[in-house]
Amino acid sequence: MIQNRQYIRKLLFLIPFLFSFLLAEGIYSQQQRISLRWKASAGAVEYIVELCEDKEFTSVHHSYKTKNTRYEFHSQDSKYFVRVVGLNAEGVRGVSSPVISLEAKFAAAPKVKVERPSSVVAASEELRISLGDPNMPAVSNSNTSSAGTPTKQIPVTTYYRVNGGDWQKYDGSISLINEGWNEVEFYSEDILGNKETPKKTRYLKDTTPPLVRLVGQKKGPSGLYEIKSGAELTLQITEEGSGMEEISVSLYSRDGSGAEENVSRSGEEAKKPITISSAGIDGLSILRWEANDKAGNSIQSELPLLLDARAPTCVFAPTEGKLREDGIYYLKENGLISVRCEDPATGSGLSKLEYKIGNGPLTAYQTPIGFPVGAHTVTVYASDLVGNRSEFKIKVNALRPDWQKAGTELQEK
């Protein structure tokens, strides 16, 4: 029994991987990059990215562990083959992904130079920069030294200040606490009192990941964003630090309805709002995104949505009378028909129910509808909270019971 439960848990994430490659838009410091992305596997809490020199994976050369569904490779990895394996909470390995040749992917990647600010730093809680070894003495610039004479070394002290603050003695590194651009000034002074002109440099400390949010939508009674299926969803990206590097967005339904939508942007395009279609998707769905800035800050997030593709359905019931085979409801004079409408369980809920008799006025339905004697056509309109609207037409014939009753006389002989 225990073995069976372990087998079931393992099956939860033995789902074939879906690979997508994001080709780097450029190189930086002569390093070409590509990104490998795969679809999350149910039950997997982390993944092992394995590299091997041969396609058969006779032995793994090296591997990386990650909890993300994306990994970036540099040009030094181009000679390897790669595969991804999911691990569940107990460390059990799932079925590995198909084997991909990184060499082929690097060969197809463009090599357009990426513009990056030279002073952008990697995301960290505290940035420390170095101006060199403060204990290294300065070299005398005296012109009196002859060839073969050792150059005289003069001890110096270096001072610095950040953002116009107090001057401090440099001891090997400078701590930059403030987020954003920091201006660092520094100069050296020797023991003879010779002081150099202060130099300036700027450093951008960026520890804040991009902000991504869904705009133009409101939450419904369920507490989720309730949206009519087919609507375009717009994500607004805010990055006030080093600038956007890359963003990828996916939208899919939990029940598998519709096709999964995927959008990826990099460089300048990653800064612009992203629109993604929800056509064909119905029910509880997940909008997921991953965004990176040029300082290395990354954010992964997902947002549950209720996408409603179906209009309400209605049923009709006469209080007295019945539906005949000719499709007409036959009632007695002033007979009533009740209407009951509901939205599907995965829908946003009924918002409005209205009807009209013939070409009469549109009336909100509150109580069963009464009919005078005669033939009538009734049109019923039902709308849900996101704007899906259904229309139903029924025919009603109300009859007056004015027929004559007759009997048979019994006669005695």
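If you plug the beta carbon distance of Ser173 and Ile286 into 1/(1 + (r/R0)^6) with R0 = 45 Å, you get a FRET efficiency near 0.55. As a calculated quantity, the FRET efficiency between Thr201 and Glu72 at R0 = 25 Å, using C-beta atoms, amounts to about 0.30.
Which of Ser278, Ile237, Ser250 sits closest to the plus end of the dipole of the range 188-284, meaning its Cα is farthest towards the positive end, when Lys and Arg get +1 and Asp and Glu get -1 on the C-beta? Result: Ile237.
Label sites at Lys65 and Glu46, each approximated as a point 7 angstrom past Cα along Cα to Cβ, lie 0.3 nm apart. For trypsin sites (Lys or Arg not before Pro), the sites in the range 33-68 that DSSP calls loop and that have at most 13 other Cβ atoms within 10 Å are Lys55, Lys67.
Exceedance of the 22 Å cut-off in Cα-Cα distance is limited, within the set Lys205/Lys271; Lys322/Lys393; Lys322/Lys395; Lys322/Lys352; Lys39/Lys65; Lys332/Lys352, to Lys322/Lys352; Lys332/Lys352.
Residues Trp38, Trp289 in ascending order of nearby Cβ atoms (within 10 Å, fewest first): Trp38, Trp289. For Ala279, project a label point 7 Å along Cα to C-beta. Then give me every residue of the range 205-233 with its amide nitrogen under 14 Å of that point. Within reach of a label on Ala279, which here means backbone N under 14 Å from a point 7 Å along Cα→Cβ, the range 205-233 contributes 229-233. When both the range 70-108 and the range 298-362 are represented by their alpha-carbon centers, they are found 52 Å apart.
Modelled spin-label separation between Arg324 and Asn359, with each label point placed 7 Å from Cα along the Cα-to-Cβ direction: 2.6 nm. Work out the FRET efficiency for Glu103 and Lys39 from their Cβ-Cβ distance, taking R0 = 22 Å, and round it to the nearest 0.05. My answer for the efficiency is 0.40.
Exposure proxy ranking for Val84, Val162, based on other Cβ atoms within 10 angstrom of each Cβ and starting from the fewest, stands as Val162, Val84. If the chain linking Ser257 and Glu56 were pulled fully straight, counting 0.36 nm for each residue of separation and taking away their Cα-Cα distance, it would gain 68.7 nm. In whole angstrom, how far apart do the alpha carbon centroids of the range 381-402 and the range 190-206 sit? The range 381-402 and the range 190-206 have Cα centres separated by 83 Å.
For the range 301-314, putting each phi into the Karplus relation 6.51 cos²θ - 1.76 cosθ + 1.60 with θ = phi - 60° gives couplings of 8, 9, 9, x, 10, 10, 9, 10, 9, 10, 7, x, 10, 10 Hz, in residue order, rounded to whole numbers and with x for Gly and Pro. Karplus-derived 3J(HN,Hα) values for the range 188-194, using 6.51 cos²θ - 1.76 cosθ + 1.60 with θ = phi - 60°, are 10, 9, 8, 5, 8, x, 6 Hz; glycine and proline are entered as x. Cβ crowding within 10 Å ranks Glu185, Glu196, Glu245, Glu325 as Glu325, Glu196, Glu185, Glu245, fewest other Cβ atoms first.
With each label modelled as a point 7 angstrom along the Cα→C-beta vector, the Thr234-Leu350 pair spans 3.4 nm.
Read-outs: derived from the displayed coordinates by stated rules, not from any lab. Only a predicted model underlies this, so the values are computations on that prediction, with no experimental measurement involved. Backbone-built Cβ (ideal geometry, glycine too); neighbour counts: all protein chains shown.
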